[in-house]
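None of the figures in this text is laboratory data; all of them are computed from the coordinates on show. Quick caveat: nothing in here was measured; it's all calculated off a predicted structure. Here the Cβ positions follow ideal geometry from the backbone for every residue, glycine too, while neighbour counts run over all protein chains shown.
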Amino acid sequence: MITYRNPSIESPERVWRGPADRLVFEPEAVLGLLQNLDQDFYLVRDNGRTAAAQAGAVFPGSADGGGLPLLARVRPIAPEHFGNPGFLETYGVRRAYMAGSMANAISNEELVIAMGKARYLASFGSGGVSPDRLEAAIHTIQSALPDGPYAFNLIHSPQEPAMEQKAVDLFRRYRVGVIEASAFLRLTPPLVEYRAAGLEPAPGGKVKINQRVIGKLSRGEVAQQFLQPAPEKILRTLVNKGKITARQAELASRVPVADDITVEADSGGHTDNRPLTSVLPSLIALRDQIQAEHGFEEPTRVGAAGGIGTPTSVLGAFTMGADYVVTGSINQACLEAGTSDRVKALLAEAGSADVIMAPAADMFEMGVKVQVLKRGTMFPMRAQKLYDIYQEHDSLAALDPATRTDLEEKIFQRNLDQVWEDCVAFFEARDPDQLEKARRSPRKKMALIFRWYLGLATHWGIRGEPERAFDYQIWCGPAMGAFNDWTAGTRLADPDSREIVEVAQALMEGAAYLARLFDLKLQGVGLPPAWGRLLE
């Protein structure tokens, strides 16, 4: 049932004139015209009935002069119209949409390449992977997408700074042109090095940026660091170490650290659980303030992430001023994602309330938490128990026998001495400094052993190991449940049908369709509620 609430219908100021045989009256036919996003849509009154058309034109005046009273008109709208055109131009993409990184190569080569070939930007999940694995991924992605678009994640590693530096070394060696910097609490020398090393002078006193930074953050104090030039102290240190030239340091003082900042609201993984409606406008205002102070040639764009899982959330983010949107949790449930079918099946059953915060493996000692799926896994409770024990004891030797036995039998499922042997082998190859710290501090040794469980819990899920099914760590935000609700009863409800590019297109095209519905609402048109939940 289509209704019209505008009282001015009795004396319309505009009329529609066009071929009468192009008018449609049945709701299904009207809906079909409305879904043609690249065509004008006219809603008119014909002998007391509401009709729709695509052909025709609008003229001022009344129906007495010929034509039908115009109820509403909606212009064509395309998904390409959303967001900041600069995002499309800078990254060579077709739409202001990005698939964010998921650590341990969950956002893997297959996912990044599939999106890149469809001219969408996606970020490889470098966090937690070895330098050899990262190097192999760079070769694969650059071979498949020699001209892009693609990005690689640089995750802040406060407990393992050497890993952060090794990643930047690889990005510089292979000329990776875009990185997505996530989980940073402060700017670090490797991040600033990557940014400054990609700068060179351009004609007219301008700065050419060859290495782009997309910062993912949720706090104003962190955003300030990305929105301003790199600190002089860090730049000076990098020059003294020969990492960058004095000319590059000077150029870095004239551009912001980030070309884009992604405002991460209530998301999977590292998150402050902040509502997008609060944090996005706040950080856009901060960007505007800093831009007014510095007058950068290229203002930093602001994107939206966290809770992006339906066309409604996509449209809402753009309406609030986002220059682009970033998805995360929902991509993990797609066919291309580098995780197991068992995990994808669990994600496909998740509701928006089936998530919980749990201690993070990479920042365990700092008390940082990540948002994970709680349905179908005991990981959140077991991880929290480990953190509580860490808080209450100074070493493994301080544990009473009953507690140690409980840990070995129920959580680790092996002797803690054997776990430590695994830790030694792991860190000897990855970051020997961690072992030296553990030798000096029994509490550090306990933390590394507890991190063994938190770290492997992700890999158990990625590999789908059945014997550790109750220990899967699955990063997930409430967007996953919203996506499942939206796709219920459609082909995308089936995990085997969730192709990453199709999901991206459905979300962006769905947002464009909803924008047309909203336009009609503003013109006083009431439409059937079911029309707002369509998924083609």
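Order these by the 10 Å Cβ neighbour count, fewest first: H139, H156.
Numbers: H139 11, H156 21.
Ranked by crowding around the Cβ, least crowded first: H139, H156.
Can you order the peptides 291-302, 100-111 by their average number of other Cβ atoms within 10 Å per residue, highest first?
Values: 291-302: 15.9, 100-111: 25.0.
Order by mean packing, descending: 100-111, 291-302.
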First check a/c for region 164-228, with a ≥ b ≥ c the square roots of the eigenvalues of its C-alpha gyration tensor; if it is under 1.5, answer rounded, and if not, answer prolate when a/b is larger than b/c or oblate otherwise.
oblate
Calculated from backbone phi, Karplus (6.51, -1.76, 1.60) coupling profile of region 469-483 in Hz, x at Gly/Pro:
4, 7, 10, 5, 9, 10, 5, 7, x, x, 4, 4, x, 5, 4
Can you give me the distance in nm between label points at A78 and Q523, each placed 7 Å from the Cα along the Cα-to-Cβ direction?
2.1
Straight-line reach check, K521, cutoff 17 Å on alpha carbons, 8 or more apart in-chain or any other chain, hits among aspartates and glutamates -> D40
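Efficiency by 1/(1 + (r/R0)^6): what FRET value for A292 and T490, r their Cβ-Cβ distance, R0 = 56 Å, to the nearest 0.05? Let's see the in-between values first.
Details: r = 46 Å, r/R0 = 0.82.
It comes out at approximately 0.75.
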Using a cut-off of 21 Å between alpha-carbon atoms, which lysines can reach K208, once sequence neighbours fewer than 8 places away in the same chain are excluded?
K243
Taking Cα atoms only, helix 161-173 is inclined relative to the longest principal axis of the chain by an angle, in degrees rounded to 10, of 60
Got the relative contact order for region 235-285 handy, in percent, Cα pairs under 8 Å and 6 or more residues apart?
20
Using the alpha-carbon centroid of each, what span in Å lies between region 372-422 and region 132-162?
33
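What does DSSP give for the chain in terms of the percent of beta bridges that are antiparallel, rounded to the nearest 5?
Values: 30 of 58 bridges.
Of the beta bridges lying entirely in the chain, close to 50 percent run antiparallel.
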Bins of 5 Å, beginning at zero and ending with the bin holding the largest distance: percent of Cα pairs per bin for region 81-339, please.
1, 6, 14, 19, 21, 18, 13, 6, 2, 0, 0
Search the structure for amide H atoms under 5 Å from the amide H of K369, placed 1.01 Å from N in the peptide plane, and list their residues when 5 or more places away or on another chain.
A360
Quick one: compute the contact order of region 240-339, relative version, from alpha carbon pairs under 8 angstrom and 6+ residues apart, as a percent.
27
Using a 7 Å offset from the Cα along the Cα-to-Cβ direction at both R94 and S278, what is the distance between the two label points in nm, to one decimal?
3.8
antiparallel share of DSSP beta bridges within region 81-339, to nearest 5, in %, is 10
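When a/c is below 1.5 the answer is rounded, else prolate if a/b is larger than b/c, else oblate, so apply that to region 316-392 with a ≥ b ≥ c taken from the square roots of the Cα gyration tensor eigenvalues.
Numbers: a/c = 2.32, a/b = 1.43, b/c = 1.62.
Here region 316-392 falls in the oblate category.
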Going by the alpha-carbon gyration tensor, a ≥ b ≥ c the square roots of its eigenvalues, is region 82-135 rounded (a/c under 1.5) or, if a/c is not under 1.5, prolate (a/b greater than b/c) versus oblate?
prolate
Of 427-433, 275-281, ordering from highest average Cβ density within 10 Å down gives 275-281, 427-433
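Kirkwood hydrodynamic radius (Cα pairs, Å) of region 26-110?
Working: mean 1/r = 0.0605 Å⁻¹.
Averaging 1/r across every pair of different Cα atoms and inverting gives 16.5 Å.
Beyond 14 Å, what percent of the Cα pairs of region 275-326 remain? Can you show the working numbers first?
On the way: 668 of 1326 pairs.
Value for region 275-326: 50 percent of Cα pairs lie more than 14 Å apart.
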What's the tally of Lys pairs in region 353-452 whose alpha-carbon atoms lie under 25 angstrom apart, where the two lysines are 8 or more places apart or on different chains?
14
For C476, C423, what's the fewest-to-most ordering of other Cβ within 10 Å of each Cβ?
C423, C476
Estimated FRET transfer efficiency (R439, R173; beta-carbon r; R0 35 Å; 0.05)
0.60
With point charges of +1 on the Cβ of Lys and Arg and -1 on the Cβ of Asp and Glu, referenced to the Cα centre of the chain, which listed residue (F296, G66, G328) lies farthest in the positive direction of the dipole?
F296
Rank these for me by crowding, D494, D259, D519, going from fewest to most other beta carbons within 10 Å.
D494, D519, D259
Relative contact order of the chain, please, whole-number percent, based on alpha carbon pairs below 8 angstrom and at least 6 residues apart.
15
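Rounded to the nearest 500, what is the 222 nm mean residue ellipticity of the chain from helices alone, with -39500 (n - 2.57) per DSSP H run of 4+ residues and division by all residues?
-12500 deg cm²/dmol
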